[in-house]
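Participant: The structure's right below; bear with me while I get my questions together.
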Amino acid sequence: KAQKNLITFGAYVSMFPQLIAGPIVIYKDVEKQLMNREITESTLREGIERFILGLGKKVLLANSIGLLWEEVRSLPVGDLSFVTAWLGVAAFIFQIYFDFSGYSDMAIGLGKIFGFDFLENFNYPLTSQSITEFWRRWHMSLGSWFREYVYIPLGGNRKGKVKTLRNIVIVWLLTGFWHGAAWNYLLWGGIFAVVLLFEKTFLLELLSKTNSAVRRFYTLTILGLSFAVFALEDLSHLFGYLKAMLFQNAFSDSLFPFYTSRYSLLFLLLAVASTPYPYRTYRKLKMKKGSHVIFAALEGVLFILCLAYIVDGAYNPFLYFRF
């Protein structure tokens, strides 16, 4: 139903917690909350906790591993080895995941503070066992938006196999274009269109006959190649980097042992933090009697630590600001 109250409509359009980086909030999801919402001590606590955890993901995790990606991407691609190229892309995937999911957590937390319940935007996508599953878990609000406003109006999967495949290609080329008006983003969208077409027609069935380790290896390999395309706008730099990733340069170099010794513990922390187990454990411990005070103190320390990093650190990129 059309919203005729200018102030209510303006509140939705300018809803600052999610305006810059998402999650994308569709009007019908917050229509009732715009008219009537309740702010309680519980929602305030939840919102502050979610905001601080999101801030920690962005400042302490994403920024820290982003420094490695910046170092690797600045290396001459002709000198880039196979293992260092993959290490750099792994760093970028962790950076963009913790950066964007951190911003989403902060937006959801701020929303709760003001009495809004925003839908989740990430569901541990790096644990996926196919690209189809990955896109059900990554930036879920964008997927929902394209499904509702592009894929379904085009006919979705209701008008035969050929048109269904056509609709997938259109959606993914538009998804690439949504991220930026550059060839690498269109190529990125095209890669996912092709992979998803293969999965829909025969690959998912083949994957279902393999074990989970093979499925995860396949998924992470595709993600590594595709996110290299996403990260590098200069096509000559991109193709040189992809050559290194496809084993057309040396296998290793002198920098790889240095990077692994310097960042190995951080990679381990990121790998664990990208699974649901740490947060589940955190919530379980927090449910115990008398634990609220301890966790409130820990969250306060985390917040102060984040502020110290922001004030002191020169590297604090906002990856999704341009999208």
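The values are calculated or read from the model by the stated rules, or taken from the named source; none is laboratory data. A quick note: this is a predicted structure, and the numbers were derived from the prediction, not measured. Quick reminder, even Gly has a Cβ in these numbers, built from the backbone with ideal geometry, and neighbours come from all protein chains shown.
Participant: Please indicate, with yes or no, whether at least one residue in region 225-240 is farther than 30 Å from Trp178 by Cβ and aromatic (Phe, Trp, Tyr).
Facilitator: From region 225-240, those farther than 30 Å from Trp178 by Cβ are none; that's our starting set.
No, region 225-240 contains no residue that is farther than 30 Å from Trp178 by Cβ and aromatic (Phe, Trp, Tyr).
Participant: Follow-up. With respect to the numbered conditions (1) in a helix (DSSP H, G or I); (2) under 30 Å from Ile7 (Cα atoms); (3) hydrophobic (A, V, I, L, M, F, W, C), which one is the sole condition not fulfilled by Val83?
Facilitator: The single condition Val83 does not satisfy is (2).
Participant: Could you tell me how many of the residues in region 60-80 are of a type in the set (A, V, I, L, M, F, W, C) and under 15 Å from the mean Cα position of the chain (by Cα)? Spell out the reasoning first.
Facilitator: Looking only at region 60-80, we keep the residues that are of a type in the set (A, V, I, L, M, F, W, C), and these are 60-62, 65, 67-69, 72, 75, 77, 80.
When the remaining residues are screened for being under 15 Å from the mean Cα position of the chain (by Cα), the result is 61-62, 65.
Total satisfying the criteria: 3.
Participant: Could you say which residue among Ile304, Ile310 is among the β-branched types (Val, Ile, Thr) and either buried (at least 17 other Cβ atoms within 10 Å of the Cβ) or modelled with pLDDT under 95 (or both)?
Facilitator: Working: Ile304 fails: either buried (at least 17 other Cβ atoms within 10 Å of the Cβ) or modelled with pLDDT under 95 (or both).
None of the others qualify; the one that does is Ile310.
Participant: With respect to the numbered conditions (1) at pLDDT below 95; (2) assigned to a loop (DSSP other than H, G, I, E, B), which one is the sole condition not fulfilled by Asn123?
Facilitator: Failed condition: (1).
Participant: Given the conditions (1) surrounded by 12 or more Cβ atoms within 10 Å (Cβ to Cβ); (2) at pLDDT 95 or above, which single one is not true for Ala296?
Facilitator: Tallying (1) surrounded by 12 or more Cβ atoms within 10 Å (Cβ to Cβ); (2) at pLDDT 95 or above, Ala296 fails exactly one: (2).
Participant: Same structure again: Taking region 134-159 only, how many residues are closer than 27 Å to Arg280 by Cβ and free of Cβ contacts under 8 Å to residues at least 12 places away in the same chain? I'd like the intermediate steps shown before the answer.
Facilitator: Kept after step one, since they are closer than 27 Å to Arg280 by Cβ, are these residues of region 134-159: 134-144.
Applying the additional criterion that residues be free of Cβ contacts under 8 Å to residues at least 12 places away in the same chain yields 143.
The total comes to 1.
Participant: Sticking with this structure for a sec: So which residues in region 193-233 are in contact (Cβ under 8 Å) with a residue 40 or more places away in the chain and loosely packed, with under 13 Cβ neighbours inside 10 Å, if there are any at all?
Facilitator: Within region 193-233, just Ser212 meets the criteria.
Participant: Let me ask you something else. Evaluate the following for Leu285: is it of a type outside the set (Asp, Glu), touching a residue at least 24 places away in the same chain (Cβ under 8 Å) and farther than 25 Å from Ile96 by Cα? Spell out how you get there, then give the answer.
Facilitator: Working: of a type outside the set (Asp, Glu): yes; touching a residue at least 24 places away in the same chain (Cβ under 8 Å): no; farther than 25 Å from Ile96 by Cα: yes.
No, not satisfied.
Participant: Let me ask something else. Restricting the search to region 186-239, which residues are β-branched (Val, Ile, Thr) and assigned to a helix (DSSP H, G or I)? Full working, then the answer.
Facilitator: Applying the first criterion (β-branched (Val, Ile, Thr)) to region 186-239 yields 191, 194-195, 201, 210, 214, 219, 221-222, 229.
If the condition is that a residue be β-branched (Val, Ile, Thr) and assigned to a helix (DSSP H, G or I), then Ile191, Val194, Val195, Thr201, Val214, Thr219, Thr221, Ile222, Val229 are the ones that fit.
Participant: Out of all the residues in region 92-113, which are over 13 Å from the mean Cα position of the chain (by Cα) and either closer than 24 Å to Leu242 by Cα or surrounded by 20 or more Cβ atoms within 10 Å (Cβ to Cβ) (or both)? Give the derivation first.
Facilitator: Start the filter on region 92-113 by keeping residues that are over 13 Å from the mean Cα position of the chain (by Cα), which leaves 106-113.
Met106, Ala107, Ile108, Gly109, Leu110, Gly111, Lys112, listed by residue number.
Results for (1) over 30 Å from Ile52 (Cβ atoms); (2) at pLDDT 95 or above, shown as yes or no for each residue.
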| residue | (1), (2) |
| --- | --- |
| Ala181 | yes, no |
| Trp188 | yes, yes |
| Ile191 | yes, yes |
| Tyr218 | yes, yes |
| Phe227 | no, yes |
| Gly240 | yes, yes |
| Val272 | no, yes |
| Tyr282 | no, no |
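Participant: Quickly run through region 63-87 and pick out the residues that are among the small types (Gly, Ala, Ser) and in contact (Cβ under 8 Å) with a residue 60 or more places away in the chain. Before you say what the answer is, go through the steps one by one.
Facilitator: First pass over region 63-87, keeping only residues among the small types (Gly, Ala, Ser): 64, 66, 74, 78, 81, 85.
Listed by number, the residues that qualify are Ser64, Gly66, Gly78, Ser81, Ala85.
Participant: Give region 138-188 a look and list any residue that's small (Gly, Ala, Ser) and crowded, with 18+ Cβ neighbours inside 10 Å, or say none.
Facilitator: Applying the first criterion (small (Gly, Ala, Ser)) to region 138-188 yields 141, 143-144, 155-156, 160, 176, 180-182.
Result: Ser141, Gly143, Gly176.
Participant: Could I ask something else about it? Scan region 1-10 for residues that are among the aliphatic types (A, V, I, L, M) and modelled with pLDDT under 90 and jot them down.
Facilitator: Initial filter on region 1-10 (among the aliphatic types (A, V, I, L, M)): 2, 6-7.
Across region 1-10, the qualifying residue is only Ala2.
Participant: Here are Gly88, Gly66, Gly111, Gly115: which of them is more than 29 Å from Thr210 (Cβ to Cβ), touching a Leu at 6+ places or on another chain (Cβ under 9 Å) and small (Gly, Ala, Ser)? It would help to see each step written out before you state the result.
Facilitator: Numbers: Gly88 fails: more than 29 Å from Thr210 (Cβ to Cβ); Gly111 fails: touching a Leu at 6+ places or on another chain (Cβ under 9 Å); Gly115 fails: touching a Leu at 6+ places or on another chain (Cβ under 9 Å).
When all the criteria are applied, what remains is Gly66.
Participant: Right, next: Check whether at least one residue in region 127-136 is modelled with pLDDT of 95 or more, of a type in the set (A, V, I, L, M, F, W, C), crowded, with 16+ Cβ neighbours inside 10 Å and within 21 Å of Lys28 (Cβ to Cβ), and report yes or no. Show your work before the answer.
Facilitator: The first filter runs over region 127-136 and keeps only residues modelled with pLDDT of 95 or more, leaving 127-136.
If we keep only those that are of a type in the set (A, V, I, L, M, F, W, C) too, we end up with 131, 134-135.
Cutting the leftovers down to crowded, with 16+ Cβ neighbours inside 10 Å gives us 131, 134-135.
Still in the list and also within 21 Å of Lys28 (Cβ to Cβ): none.
No: region 127-136 contains no residue that is modelled with pLDDT of 95 or more, of a type in the set (A, V, I, L, M, F, W, C), crowded, with 16+ Cβ neighbours inside 10 Å and within 21 Å of Lys28 (Cβ to Cβ).
Participant: Still on this structure, please answer the following. Looking at Gln33, is it polar (S, T, N, Q), buried (at least 20 other Cβ atoms within 10 Å of the Cβ) and farther than 30 Å from Ser252 by Cβ?
Facilitator: Values: polar (S, T, N, Q): yes; buried (at least 20 other Cβ atoms within 10 Å of the Cβ): no; farther than 30 Å from Ser252 by Cβ: yes.
So Gln33 fails the test.
Participant: Of the conditions (1) part of a helix (DSSP H, G or I); (2) modelled with pLDDT under 95; (3) among the charged types (D, E, K, R), Lys159 clears all except one; give me its number.
Facilitator: Result: Lys159 fails condition (1) only.
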